[in-house]
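Reading through the structure tokens given below for one structure.
The values are calculated or read from the model by the stated rules, or taken from the named source; none is laboratory data. Bear in mind the structure is a predicted one, so any value in this text is a computation, not a measurement. Positions of Cβ are generated from backbone atoms using ideal geometry, with glycine treated the same way; all protein chains shown enter the neighbour counts.
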Amino acid sequence: MLSRTAALLTLLLAGAAAAQTRVSDAWVRATVAQQLGTGAFMRITSAQGGRLVAVQSPVARIAEVHEMVMQGDVMAMRAIESLELPAGKAVVLKPGGHHLMLMGLNQQLKPGETVPLTLVVEGKDGKRETLEVKAAVRPLGTEAPKR
């Protein structure tokens, strides 16, 4: 019995040690019929630091990490290869800033639904962690929470 308990405890501790990144407040902006793209937003905290290197979702043909930048007098959006996650500090993905872009949507996204997202975070040690996130679909016009 002791060896079974010890084995279970070892598995639990290993799982806790492997989960270096937390995601909270995940949401996706709702769409209208025929709309092909939308944004996903959240708070990501990596205990040891790393980089968000990939995102996928079954509701979109393309999912990318994006940033908003000024090009002259115009605000523009562009894909980036990765997003730095400083150790222990929350990185907020929000409208008008860093966000996840879902393009080539397979369906209209309606308030009250959830969108599955798969995030890949690469730690400072080069190891990759995959996070399964369920993001709530919020109505059009929803702003980022004030924090």
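A few remarks follow.
- Among the residues here, MET68 does not qualify as farther than 19 Å from ALA54 by Cα and modelled with pLDDT under 95.
- Residue count, segment 27-53 (criterion: under 25 Å from ALA87 (Cα atoms), surrounded by fewer than 17 Cβ atoms within 10 Å (Cβ to Cβ) and aliphatic (A, V, I, L, M)): 2
- Counting only strands (runs of 3 or more DSSP E) that sit wholly inside segment 38-133, those with at least 2 residues that are among the polar types (S, T, N, Q) and within 22 Å of SER24 (Cβ to Cβ) are 114-123.
- Looking across segment 70-116, the residues that are of a type in the set (Gly, Ala, Ser) and in contact (Cβ under 8 Å) with a residue 12 or more places away in the chain come down to ALA79, SER82, ALA87, GLY88, ALA90, GLY96, GLY97, GLY104, GLY112.
The rows are residues; the columns are (1) at pLDDT below 95; (2) surrounded by fewer than 16 Cβ atoms within 10 Å (Cβ to Cβ); (3) not aliphatic (A, V, I, L, M).
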{"residue": "LEU93", "(1), (2), (3)": "no, no, no"}
{"residue": "HIS99", "(1), (2), (3)": "no, no, yes"}
{"residue": "GLY104", "(1), (2), (3)": "no, yes, yes"}
{"residue": "LYS110", "(1), (2), (3)": "no, yes, yes"}
{"residue": "GLY123", "(1), (2), (3)": "yes, no, yes"}
{"residue": "LEU131", "(1), (2), (3)": "no, no, no"}
{"residue": "ALA135", "(1), (2), (3)": "no, no, no"}
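- Considering (1) modelled with pLDDT under 95; (2) crowded, with 17+ Cβ neighbours inside 10 Å; (3) over 16 Å from the mean Cα position of the chain (by Cα); (4) not basic (Lys, Arg), the lone condition that GLN20 does not fulfil carries the number (3).
- Filter result for GLY112 (of a type outside the set (Phe, Trp, Tyr) and under 25 Å from GLN48 (Cα atoms)): no
- Segment 18-37 - residue that is in a strand (DSSP E or B) and hydrophobic (A, V, I, L, M, F, W, C) and, of those, nearest to GLN107 (Cα to Cα): VAL28
- Note on segment 112-121: among residues that are touching a Ser or Thr at 6+ places or on another chain (Cβ under 8 Å) and of a type outside the set (S, T, N, Q), the one that is surrounded by the fewest Cβ atoms within 10 Å (Cβ to Cβ) is PRO116.
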